[in-house]
Amino acid sequence: MQLSRKAIPYTPVSKPLSEMTLMIVSTAGVHLKTQEAFDTAGDTTYRVIPGDVSVADLTVTHGAPKAEYDTDEPKKDLNTIFPIDRLRAFAKEGIIKDVAEKHITMMGYAMRLNEINAVTVPAIAKEVDRSRADAVLLTAG
């Protein structure tokens, strides 16, 4: 089955990357160590991560089976799934304009897809829309 261009949600890039502020939106289960951990039985909530966060203040909680997503590995370098330090380096080098003031994360392993589609995704979209980000970097675990 071939989809028409109209059926695919698409927003064309309106300016160079060097003029864009980027925000991370992740389903990797990253959160601040001080925030409530995701419910590994299936969580439809999200967490807001401040833009000035230190990677040392982050951790991962995820309910996917360890054979599918071993969270011990990304905890060794959270930039592999939440590349905040890489974005800061890109901003310093002028590759991007800036890093957003906040980022959004959730746990991608949840079976309540109707709730995620009806409640979580629209709430995240509002967070993104209210941010000063020009684009989002999507990451997964």
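The values are calculated or read from the model by the stated rules, or taken from the named source; none is laboratory data. Just so you know, these numbers come straight off a predicted model, no measurement behind them. Heads up, the Cβs are rebuilt from the backbone with ideal geometry, glycines too, and the neighbour counts pull from every protein chain shown. Calculation scope for accessible area: heavy atoms of the full protein, side chains included, ligands and nucleic acids excluded. Shrake-Rupley method; radii C 1.70, N 1.55, O 1.52, S 1.80 Å.
Here the range 1-101 has 52 percent of its accessible surface on carbon and sulfur atoms, given a 1.4 Å probe and all protein chains in place. Across the range 1-109, the mean sequence separation of Cα contacts (distance under 8 Å, 6 or more residues apart), normalised by length, yields a relative contact order of 45 percent. When 14, 54, 131, 26 are compared by accessible area at a 1.4 angstrom probe, the order from most to least is 14, 54, 131, 26. Remark: the chain carries a charge dipole of roughly 460 debye about the Cα centre, counting +1 on each Lys and Arg Cβ and -1 on each Asp and Glu Cβ.
Distance check, please: which entries in 66/97; 97/126; 75/102; 15/92 exceed 29 angstrom between their Cα atoms? Checking Cα-Cα distances, 66/97 exceed 29 Å. Is the chain rounded, prolate or oblate when judged by the Cα gyration tensor, a ≥ b ≥ c being the square roots of its eigenvalues, rounded requiring a/c under 1.5 and prolate requiring a/b larger than b/c? Judged from the Cα gyration tensor, the chain comes out oblate (a/c at least 1.5, b/c at or above a/b).
Per residue, the accessible area of the chain comes to 61 Å² when a 1.4 Å probe rolls over the protein heavy atoms.
From the Cα gyration tensor of the range 59-112, with a ≥ b ≥ c the square roots of its eigenvalues, which class applies: rounded if a/c is under 1.5, or else prolate if a/b is larger than b/c, or else oblate?
In terms of gyration-tensor shape, prolate.
Taking label positions 7 Å along the Cα-Cβ direction at both residue 140 and residue 77, the computed distance is 2.2 nm, reported to one decimal.
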